[in-house]
Amino acid sequence: MIDDIVTLFMKSFSSKKEEVKQPLSEKEMEYMNIQKEIKELPKAKLNKCLKVAEHIAIKAGKYSLKYFGCPRKVSKKGKTDLFTEVDLENERIIREYLLKCYPKFGFYGEESSASDKSDEKRFTWVVDPIDGTSNFIHGYPFYCVSIGLAYKGVPILGVVYAPLTDTIYKAHVKSKAFKNKKVIRVSDTNKLIESMIITGFYYNASTDDDFLHDRMVDFANMVKRTLALRRDGSAALDICMVAEGLADGFFEYGLSPWDVCAGTVILKRAGGTVSNINMKEYDIFSKKQYIASNKKIHKEMIKVLE
């Protein structure tokens, strides 16, 4: 009898060990290998890249100020997906400068064609020349220039510049996160019901009824379980609000790489975390649910959005 109990216990223990030791997927193995390569990147090189990105982000941002609330021409890529001549000119300014400084890097911008992103290049600049274009057009004071740098698709550096307040957020994978010259950290809030959360609705919410329904369900569930929920219309700046502790979390479904590449690095270096709905590393090209937080409320956010 005792032998049977011992055997049953050992089988149960062995089964649990096997569950813990589940092999990593091919994608997870690839990510781990990329992370090892990132650790070998020289900090001096990252510092230089950060300085270059900061310089051109500020230059492009100051140019955009002349047309804030009064762009000469507004065009449409979709029903509610707008762009202006300032988006195009800003991207041209940024692209030319970055590729002049780093001709071997790739460039992937919101206003560029997908062919500008080369999978063969290890380093790729990921740029939103104006994040919050609708706000910019209407004179709503919440937009930014976002410049990220990815290594084999993984964000390693970010600069977000808010021209209206002359505020620069920046970080790379071997630095602290800064707002101007001040080090920033995420909040200490540890309960979702006491948290301020930011969200957004991607452009297809206005044309895809099923997508809109699902997003409104997420919105309603989060409203019921948080202190407050906000939507300001610039994902890159929203993420920076979490990074400096003004908000406690952010989520949005369907975001593009240029929306999140820069902010992801800044938030992580400020002590925050980012994941998909499965608590796995977020792929910036996936356009799935993006969840960012101060770490302490992350599991609660996931539970609400599942």
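The values are calculated or read from the model by the stated rules, or taken from the named source; none is laboratory data. Please read these numbers as outputs of a predicted model, since none were measured by experiment. In this analysis, Cβ positions are derived from the backbone assuming ideal geometry, glycine residues included, and neighbour counts consider all displayed protein chains. Areas reflect the complete protein model, heavy atoms only, side chains present, ligands, DNA and RNA absent. Shrake-Rupley method; radii C 1.70, N 1.55, O 1.52, S 1.80 Å.
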Exercise for review: Select from the range 24-42 the residues that are outside any helix (DSSP H, G or I) and of a type in the set (Ser, Thr, Tyr) and list them in ascending order.
Suggested key: SER25
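Here is a list: LYS224, LYS268, LYS299. Which entry is more than 28 Å from PHE178 (Cα to Cα) and either assigned to a strand (DSSP E or B) or at pLDDT 95 or above (or both)? It would help to see each step written out before you state the result.
Values: LYS268 fails: more than 28 Å from PHE178 (Cα to Cα); LYS299 fails: more than 28 Å from PHE178 (Cα to Cα).
After ruling out the rest, the residue left standing is LYS224.
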Practice item. Please name all residue pairs, on different chains or six or more residues apart, with Cβ atoms under 7 Å, provided the first residue is in the range 217-232 and is free of Cβ contacts under 8 Å to residues at least 40 places away in the same chain and the second residue is of a type in the set (Val, Ile, Thr) and surrounded by fewer than 18 Cβ atoms within 10 Å (Cβ to Cβ). Key: THR226/ILE193; LEU227/ILE193; LEU229/VAL223
Review point. Looking at PHE250, is it modelled with pLDDT under 95 and either outside any strand (DSSP E or B) or in contact with a Ser or Thr (Cβ under 8 Å, 6 or more places away or on another chain) (or both)?
Key: no
Exercise for review: Please find, within the range 144-192, the residue that is nearest to GLU30 (Cα to Cα) out of those that are among the charged types (D, E, K, R) and assigned to a loop (DSSP other than H, G, I, E, B).
Suggested key: LYS152
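Report, by residue number, each residue of the range 162-180 that is farther than 20 Å from ALA60 by Cα and open to solvent by 60 Å² or more (accessible area, probe 1.4 Å).
Result: LYS174, LYS176.
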**Study point:** Search result, residues across the range 269-279 that are in contact (Cβ under 8 Å) with a residue 12 or more places away in the chain and not aliphatic (A, V, I, L, M)
**Key:** ARG269, GLY271, GLY272, THR273, SER275, ASN276
